[in-house]
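These notes are about the structure you will find just below.
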Amino acid sequence: MHQFRQAVATRCFSQPLRESIKSAAELNVAGIQFDVRTEVRSGELTDTGRRDLLHQIGEYGLKVAGAVFPLNHPLYEADKIDVRLAAIRDAMKFAYSLKAPTLCFRVGRIPEDPASKERLLLVEALCDLARYANHIGTLLAITPTNDSAETLKTLLDAVQTGPIGIDFDPAHFAMTGRPVVESLRTLHNLVMHVQLRDGIHGIDGGQEEPVGQGNVDWGEVMALLGEMDYRGWLTAIRSQGEDRTHDLSRGVKFIQRLLLGG
């Protein structure tokens, strides 16, 4: 049977970081994902502090599964694009120092016209970042923003300077009314990270739901990931809800039972 590694995003606990690490360990997962913009920042952590943090993570039997770096503006927005690129490069370097294999981020909704100024600027920026990734060791993974699998694939096919992939979010495709399994199949060779997040699509739009209570067919998703021989992390994320810790725990257990055939 294919062995999957589960993690949890510490930001979902809404606790101080070190308490969140303890809460993650109590969910019986193998790893954690940091937000390196709001939870732990490169400029606020000394080398000694970084070593102490990694030591604490190891004492709980956890590994750093990855990192995220939220942007406040689309990557391709011309104003201050150099500042954003510099910030992402710094986040990649910091993520590597934390032993994070991937850095997930949103580029904004991908412009549909391949010849548009915004699309060309986006490709140029991603080529620059992919080239930088060759020298760092932490890889970039794009989190979709109301994009189809085909649009994502076409975009990344245009990036030839280095490795860059997809942070596959099943909830995104479910909430936007797109086929989850078919989207995963389209993107299979680009998937570097997978979110354990669920959602539903209705006449008023999409809404996030606890894992197992949305439109995602997790049995099919996990079966396809097994066929793909996916070796990356599965990270439980809950960005909404009144009791996120409870929802995360239920979601992790739901996936664990599913993998055991329960």
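The values are calculated or read from the model by the stated rules, or taken from the named source; none is laboratory data. This is a predicted model, so every value here is computed, not measured. Cβ sites come from the backbone with ideal geometry, for glycine too, and all protein chains shown count toward neighbours.
I'd like to know if the range 138-156 contains one or more residues that are farther than 22 Å from residue 235 by Cβ, buried (at least 16 other Cβ atoms within 10 Å of the Cβ) and touching a Cys at 6+ places or on another chain (Cβ under 8 Å).
Checking the range 138-156: not a single residue is farther than 22 Å from residue 235 by Cβ, buried (at least 16 other Cβ atoms within 10 Å of the Cβ) and touching a Cys at 6+ places or on another chain (Cβ under 8 Å).
What do you reckon, is residue 106 at pLDDT 95 or above, more than 30 Å from residue 51 (Cβ to Cβ) and in contact with an Asp or Glu (Cβ under 7 Å, 6 or more places away or on another chain)? Outline the logic, then answer.
Numbers: at pLDDT 95 or above: yes; more than 30 Å from residue 51 (Cβ to Cβ): yes; in contact with an Asp or Glu (Cβ under 7 Å, 6 or more places away or on another chain): no.
So residue 106 does not fit the description; no.
Restricting the range 235-262 to residues that are in a loop (DSSP other than H, G, I, E, B) and over 16 Å from residue 219 (Cα atoms), which is nearest to the chain's Cα centre (by Cα)?
Checking each candidate, the answer is 237.
Could you list, in sequence order, all residues of the range 46-77 that are farther than 30 Å from residue 119 by Cβ and touching a residue at least 12 places away in the same chain (Cβ under 8 Å)?
50, 53, 54, 56, 57, 60, 61, 62, 63, 64, 65
In the set 30, 25, 9, which member is buried (at least 20 other Cβ atoms within 10 Å of the Cβ) and within 29 Å of residue 242 (Cα to Cα)?
Numbers: 30 fails: buried (at least 20 other Cβ atoms within 10 Å of the Cβ); 25 fails: buried (at least 20 other Cβ atoms within 10 Å of the Cβ).
9 is the lone residue from the list that is buried (at least 20 other Cβ atoms within 10 Å of the Cβ) and within 29 Å of residue 242 (Cα to Cα).
Within the range 1-21, track down each residue that is outside any helix (DSSP H, G or I), touching a Ser or Thr at 6+ places or on another chain (Cβ under 8 Å), within 21 Å of residue 194 (Cβ to Cβ) and free of Cβ contacts under 8 Å to residues at least 40 places away in the same chain.
Listed by number, the list is empty, since nothing qualifies.
Based on this model, can you work out whether residue 61 counts as at positive phi and in contact with a Ser or Thr (Cβ under 7 Å, 6 or more places away or on another chain)? Talk me through it step by step, then tell me what you get.
Working: at positive phi: yes; in contact with a Ser or Thr (Cβ under 7 Å, 6 or more places away or on another chain): no.
So residue 61 does not fit the description; no.
Within the range 22-56, track down each residue that is part of a helix (DSSP H, G or I) and of a type in the set (Ser, Thr, Tyr).
Residues satisfying the conditions are 23, 42, 48.
Would you check which residues across the range 156-168 are under 16 Å from residue 129 (Cβ atoms) and under 18 Å from the mean Cα position of the chain (by Cα) and list them?
156, 163, 164, 165, 166, 167
On the given criteria, is residue 32 touching a residue at least 40 places away in the same chain (Cβ under 8 Å), touching a strand residue (DSSP E or B) at 6+ places or on another chain (Cβ under 8 Å) and of a type outside the set (Ser, Thr, Tyr)?
Numbers: touching a residue at least 40 places away in the same chain (Cβ under 8 Å): no; touching a strand residue (DSSP E or B) at 6+ places or on another chain (Cβ under 8 Å): yes; of a type outside the set (Ser, Thr, Tyr): yes.
No: the conditions fail for residue 32.
Is it true that residue 193 is buried (at least 19 other Cβ atoms within 10 Å of the Cβ), touching a residue at least 60 places away in the same chain (Cβ under 8 Å) and under 21 Å from residue 12 (Cβ atoms)? Explain how you work it out, then say what you get.
On the way: buried (at least 19 other Cβ atoms within 10 Å of the Cβ): yes; touching a residue at least 60 places away in the same chain (Cβ under 8 Å): yes; under 21 Å from residue 12 (Cβ atoms): yes.
It is true that residue 193 is buried (at least 19 other Cβ atoms within 10 Å of the Cβ), touching a residue at least 60 places away in the same chain (Cβ under 8 Å) and under 21 Å from residue 12 (Cβ atoms).
In the range 35-47, is there at least one residue being of a type in the set (Gly, Ala, Ser) and in contact with a strand residue (DSSP E or B) (Cβ under 9 Å, 6 or more places away or on another chain)? Quick ask: steps written out before the conclusion?
First pass over the range 35-47, keeping only residues of a type in the set (Gly, Ala, Ser): 42-43.
Subsequent filtering for residues that are in contact with a strand residue (DSSP E or B) (Cβ under 9 Å, 6 or more places away or on another chain) retains none.
So far as the range 35-47 goes, no, none of its residues is of a type in the set (Gly, Ala, Ser) and in contact with a strand residue (DSSP E or B) (Cβ under 9 Å, 6 or more places away or on another chain).
Mind checking which pairs have a first residue in the range 129-150 that is free of Cβ contacts under 8 Å to residues at least 60 places away in the same chain and among the aromatic types (Phe, Trp, Tyr) and a second that is in a helix (DSSP H, G or I) and loosely packed, with under 15 Cβ neighbours inside 10 Å, Cβ under 7 Å, 6 or more apart or different chains?
No pair meets every condition.
Name the residue that is farthest from residue 32 (Cα to Cα), counting only residues in the range 223-236 that are out of contact with any helix residue (DSSP H, G or I) (no Cβ under 6 Å at 6 or more places or on another chain) and not charged (D, E, K, R). Spell out the reasoning first.
Residues of the range 223-236 that are out of contact with any helix residue (DSSP H, G or I) (no Cβ under 6 Å at 6 or more places or on another chain), as a first pass: 223, 225-227, 229-235.
When the remaining residues are screened for being not charged (D, E, K, R), the result is 223, 225-226, 230, 232-235.
Details: 223: 23, 225: 20, 226: 22, 230: 18, 232: 13, 233: 10, 234: 10, 235: 8 Å.
Checked the range 223-236; the qualifying residue farthest from residue 32 (Cα to Cα) is 223.
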